[in-house]
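The values are calculated or read from the model by the stated rules, or taken from the named source; none is laboratory data. Remember, predicted model here, so these are calculated numbers, not experimental data. Virtual Cβ from ideal backbone geometry, glycine too; neighbours counted across all protein chains shown.
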Amino acid sequence: MIMDFFWAFVVGGSICVIGQLLLDIFKLTPAHVMSSFVVAGAVLDGFGLYDKLIEFAGAGATVPITSFGHSLLHGAMVQAEEHGFLGIAVGIFQLTSAGIASAILFGFLVAIIFKPKG
Amino acid sequence: MKQGKQSWLFNNGVYIKGTATVSGPKERAGPLGQTFDYSYDDLYCEGKTWEQAEQNLLDQSIKICIEKSKIREDAIDLIISGDLLNQTVSSNYTARNYGNPFLGVFGACSTSMQTLAIGSSLVDSGNCDYVMASTSSHYSSAERQFRYPTEYGGQKPNTSTSTVTGAGSALISQERSSIQVEGATIGKVIDFGADDPLDLGSAMAPAAADTIVQHFTDFNSSPEDYDLILTGDLSSVGTPIVKKLAYQAGYDIENVHRDCGLMVYHSNQNTFAGGSGCAVSAVVTYGQIVQKLRSGELNKVLVVATGALLSPTIVQQKETIPCIAHGVVLKRVSES
């Protein structure tokens, strides 16, 4: 149990450290870091590695944005097996739709209630 | 009259009749807070958007300047103003509130001295009797324009600066006052290949040094002739660079140099490398510096406003950042 927390912290933290280094040393913009992470997650999933990372680190691997790339590819692959080429388009947002929909919904609700402070 | 290679000497006597400074809440809480004519308590400055807020700042500074100069609004022959937003909308939209001829200019953060230099030249030549030289900037409208909307919450490195929320105006004429606009040095566009839009202090320092050195050459003067050499927004990053570059050119400005960006905020106000924006040199010069010239605490000041001439689009296309700096000399004279 304690070790689960430990590895989630270490793996999740390490992903964030990589992001911070990309910002500070390689001068990537925040948008570049975000899209690089999504692509990296998808590539790792392509080699079947991201599932192993989730098994090992739990939330340490599912919370960072890299897991969004992993979910994109996962959904696309599952549907591709069933429906062929068209399945990629059908499945790509299948696993991620809950995340996208809640981002839109909560963004909308927050925008109604609050005013930016600047 | 042309002076040297890049400078103008205003022979007919151009004087500052009045100035006005307006700021946001954070600047009010800074070391110069008491020197501003008016400060808003809220970053929205009674507007609905950041852009409206900036227009309100500019409008307020022009209004107060007219009031302090004790002239009629329709006596102003020209309002000359610029800002940081696309198509200089803050200036253009504010100018629609006035029935005076208007010239919009863009010089990024060098706008304060650009407008003062052009305006002084027009007054000196007799083309205008009264000119209002103004500029404005706003923290959140500039963040949206050049970096990220503040709502996005992007990280900023320590080399980045904080745009000053404020506006400054000066009314100039040939009517004698205690502050004379003696001359100006117009800068060249200088690009040393800096490409980090989050470190503009380093990018602008060579342009500032070039204008300062050119000014000394053109007027055959030296740092000892000035009580103060004020740069606009080189911040804590660019300040050591400008001193070093001037020193290498044979001028030691160490003891007379100060940077407006390092004067407007306290070090604990979380402003990273210091203040920046069109308003920073305007609110410092038209506030504290003008007050000190009037009281006799200062006699001769060279203000060098520095501007980074980038746009977000062109930076994304991996272009470098060209910069410019314009200098104006303000001198204390007897009123009669």
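Okay, here's what the table says:
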{"item": "Residue list for the stretch B:312-336, restricted to those being free of Cβ contacts under 8 Å to residues at least 12 places away in the same chain and either over 11 Å from B:ASP195 (Cα atoms) or not polar (S, T, N, Q) (or both)", "result": "B:THR313, B:ILE314"}
{"item": "Residue list for the stretch B:232-242, restricted to those being buried (at least 24 other Cβ atoms within 10 Å of the Cβ) and closer than 12 Å to B:PRO206 by Cα", "result": "B:LEU234, B:GLY238, B:VAL242"}
{"item": "Tabulated pairs, the stretch B:188-202, first β-branched (Val, Ile, Thr), second outside any loop (DSSP other than H, G, I, E, B), C-beta under 8 angstrom, 6+ apart or interchain", "result": "B:VAL189/B:ALA207; B:VAL189/B:CYS323; B:VAL189/B:ILE324; B:ILE190/B:PRO206; B:ILE190/B:ALA207; B:ILE190/B:ASP210; B:ILE190/B:CYS323; B:ILE190/B:ILE324"}
{"item": "Considering residues of the stretch B:137-149 that are within 21 Å of B:VAL264 (Cα to Cα) and facing chain A (nearest Cβ under 10 Å) only, the residue surrounded by the most Cβ atoms within 10 Å (Cβ to Cβ)", "result": "B:HIS138"}
{"item": "Sole residue being out of contact with any helix residue (DSSP H, G or I) (no Cβ under 7 Å at 6 or more places or on another chain) and modelled with pLDDT of 95 or more, chosen from A:ILE113, A:ILE54, A:ILE100", "result": "A:ILE113"}
{"item": "Filtered residue count, the stretch B:157-192, keeping only those that are at pLDDT below 95, surrounded by fewer than 24 Cβ atoms within 10 Å (Cβ to Cβ) and of a type in the set (Val, Ile, Thr)", "result": "1"}
{"item": "Residue ID - surrounded by the fewest Cβ atoms within 10 Å (Cβ to Cβ), chosen from residues in the stretch B:29-51 that are within 13 Å of chain A (Cβ to nearest Cβ) and in a helix (DSSP H, G or I)", "result": "B:GLU51"}
{"item": "B:THR306 being in a helix (DSSP H, G or I), modelled with pLDDT of 95 or more, within 16 Å of the chain's Cα centre (by Cα) and among the polar types (S, T, N, Q)", "result": "no"}
{"item": "Residue in the stretch A:14-28 that is farther than 22 Å from B:PRO149 by Cα, within 14 Å of another protein chain (Cβ to nearest Cβ) and in contact (Cβ under 8 Å) with a residue 40 or more places away in the chain present", "result": "yes"}
{"item": "B:GLY154 being surrounded by fewer than 23 Cβ atoms within 10 Å (Cβ to Cβ) and either within 14 Å of another protein chain (Cβ to nearest Cβ) or in a strand (DSSP E or B) (or both)", "result": "yes"}
{"item": "Every pair of residues 6+ apart whose Cβ atoms lie under 9 Å, when the first sits in the stretch B:241-269 and is free of Cβ contacts under 8 Å to residues at least 24 places away in the same chain while the second is loosely packed, with under 13 Cβ neighbours inside 10 Å", "result": "B:LYS243/B:GLU254; B:TYR247/B:GLU254"}
